[in-house]
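Peer 1: Have a look at this one.
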Amino acid sequence: MDFASIISTVNNALWATPLIALIFVGALIYCFAIKFANISKLPLQIKLLISGDGSKDGLSAYETFCSVAAYRVAVGNIGGVMVAIMYGGPGAVFWMLVTALVTSAIAYAENSLGQIYKVRQDGQYRGGPFNYMEMGIPWKGVGKVFAIIFALMVTIGVPLLVTGPSANNIAMALENSFGMNHVVSGAIIAVLLFLVISGGIRRIAKFSTMIVPIMTIAYLVVTVIVLIFNAAAIPSTIAMIVGSAFNTHAIFGGMIGGAFSYGVKRGVNSSGSGFGETPAIAAAAESKHPAVQGLVNASSVYIDVIVCFCSGIMALVTDCFNVLGPDGTFMHIGEGSAQMATQAATNTAGVVWVQEAANTAIPGIGGMIIALALTCFAYSTCIGYYYEGEAGLAYLARNLSQSTRDKMIWATRIMMPIFFFAWANVTASTAWAISEVMFGLMAWLNGITLLILLPVVKKVYDDYMEQRKAGVEEPYFNPEKLGIKNCDVWMDINAELIKKDTKA
């Protein structure tokens, strides 16, 4: 058995039904625990998003929102949606959207936990799953083991290994639309990547606040143009998606199992909720209460949902998609572009589908715009990957001197672009499989931890909402009052408010 086959086997084992159930069912449990605030509190989420400033130690709510959104919107929102359609049929798009909305509850949980158990290190706030695993899991030794394993995975795996799909899809998109060689595109993006990550979280946040609104709006505009040119096909396309999702479509109705399975799998991969990757960014924020970052960053999933839907509807409405049946033969080969037959011949699904869909409305230029959009999505995601790795490294090296930590962080900043360049020049299937293996391992560890820490998350959420109900304009977190241990930094952050509360 060759390396690619081994990776594929491990990937299939990790992403079997138990993990899908862990994330999806866990998300549903959290939806009820926080009373569906991840969906119903949108006005409050918007209010929190545009209020509050950063500080010398932390970022503002808007900066962390954009940084998290930049991470969420990635190649999975384009190429990943196409993979889901090929193996799960059009109905997979429906289940991807449902999954993204449901798992925003997990996004709330892990981002609020990132805030709850953050620390102040080297002049900035640091945190992440490794912190809440060690300081939050009540069983002696278990949390420490979880934390070290997770930190090792994100330090080595996230900045160096899971960048594979991003690098590979950028290279394919630029080659398809601009004829650019993989070596050239890989080298250019690797250099641009270094220019941002070398500035740390401040430069990352500044870049994210600039690129996220631009790339999202541009993608929406292209989608609207494609839909206008294919307006007559919209009703039948929507009917096809819903029919495939609920087993009623004449051609794809029998794929409900695959539609749900691949929809959930790709939905989880697309949003990243439950992987434990965004809490490090959330922990870097300045806030009076952990629930603020939980609510703000849960709302970033809406951007993920919008981009996923745009990708899916463009491919489906233009018939630029293929569907592989359970027996291994193609049930459908799209006729919207000659490229679809070529893609079917090599069992390939990816950004090319969306490029060809855009080309039906804006010949030549449409594909180029999608290539540039994907480059922005993937590039911004890799920047988020870097910071996750830096946070994990800072945790592992927390007992070393600041000088030693800084040197180790700079080593990562140099190594990541090199690995990115290498990934731009390997096969797409291998890149996706290795990435998903790493995400699968992280999802298992973080998903279990989130279930263990459900009481803490609910207690903090209830405290925030009770304060708001009581008329407190800016609720604040007092961990001692709630009986939550290992949150010392909050006693300093809210010292004046806690002192006043104690006297009262």
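Peer 1: Can you pull out the residues in segment 219-233 that are assigned to a helix (DSSP H, G or I) and over 20 Å from the mean Cα position of the chain (by Cα)?
Peer 2: Val221, Val222, Thr223, Val224, Ile225, Val226, Leu227, Ile228, Phe229, Ala231, Ala232, Ala233 - these are the residues of segment 219-233 that are assigned to a helix (DSSP H, G or I) and over 20 Å from the mean Cα position of the chain (by Cα).
Peer 1: Considering every residue within segment 161-174, establish whether at least one is over 30 Å from Ile452 (Cβ atoms), aliphatic (A, V, I, L, M) and outside any helix (DSSP H, G or I).
Peer 2: No - not one qualifying residue is present in segment 161-174.
Peer 1: Further question: Being β-branched (Val, Ile, Thr), under 19 Å from Glu277 (Cβ atoms) and touching a residue at least 40 places away in the same chain (Cβ under 8 Å): is that true of Ile448 here?
Peer 2: Here the answer is yes, as Ile448 does meet what is asked.
Peer 1: State all residues of segment 460-481 that are under 23 Å from Lys140 (Cα atoms) and surrounded by 15 or more Cβ atoms within 10 Å (Cβ to Cβ); if no residue qualifies, say none.
Peer 2: Val460, Pro479
Peer 1: Report yes if some residue within segment 82-92 is part of a helix (DSSP H, G or I), surrounded by 24 or more Cβ atoms within 10 Å (Cβ to Cβ) and under 16 Å from the mean Cα position of the chain (by Cα); otherwise report no.
Peer 2: There is no residue in segment 82-92 that is part of a helix (DSSP H, G or I), surrounded by 24 or more Cβ atoms within 10 Å (Cβ to Cβ) and under 16 Å from the mean Cα position of the chain (by Cα).
The rows are residues; the columns are (1) modelled with pLDDT under 85; (2) touching a strand residue (DSSP E or B) at 6+ places or on another chain (Cβ under 6 Å); (3) over 21 Å from Thr318 (Cβ atoms); (4) surrounded by 16 or more Cβ atoms within 10 Å (Cβ to Cβ).
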site	(1), (2), (3), (4)
Val222	no, no, no, yes
Ala233	no, no, no, yes
Gly243	no, no, no, yes
Thr248	yes, no, yes, no
Met255	yes, no, no, yes
Phe260	yes, no, yes, yes
Arg266	yes, no, no, yes
Gly272	yes, no, yes, yes
Thr278	no, no, yes, yes
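Peer 1: Any idea which residue in segment 326-335 is nearest to Val93 (Cα to Cα), counting only those that are of a type outside the set (A, V, I, L, M, F, W, C) and without any contact (Cβ under 8 Å) to a residue 24 or more places away in the chain?
Peer 2: Out of the qualifying residues, it is Gly334.
Peer 1: Look at segment 139-163 and say how many of its residues are of a type in the set (Val, Ile, Thr) and crowded, with 23+ Cβ neighbours inside 10 Å.
Peer 2: 5
Peer 1: Tell me the helices (runs of 4 or more DSSP H) entirely within segment 407-504 that contain at least 1 residues that are in contact with a His (Cβ under 8 Å, 6 or more places away or on another chain).
Peer 2: 454-469
Peer 1: Given the residues Leu48, Leu97, which is the only one that is assigned to a helix (DSSP H, G or I) and within 19 Å of the chain's Cα centre (by Cα)?
Peer 2: Of the residues listed, the single one that is assigned to a helix (DSSP H, G or I) and within 19 Å of the chain's Cα centre (by Cα) is Leu97.
Peer 1: Name the residue, out of Ala371, Ala357, that is in contact (Cβ under 8 Å) with a residue 12 or more places away in the chain, among the small types (Gly, Ala, Ser) and closer than 30 Å to Ile201 by Cβ.
Peer 2: That would be Ala371, the only listed residue that is in contact (Cβ under 8 Å) with a residue 12 or more places away in the chain, among the small types (Gly, Ala, Ser) and closer than 30 Å to Ile201 by Cβ.
The values are calculated or read from the model by the stated rules, or taken from the named source; none is laboratory data. These figures come from a predicted structure and were not determined experimentally. Virtual Cβ from ideal backbone geometry, glycine too; neighbours counted across all protein chains shown.
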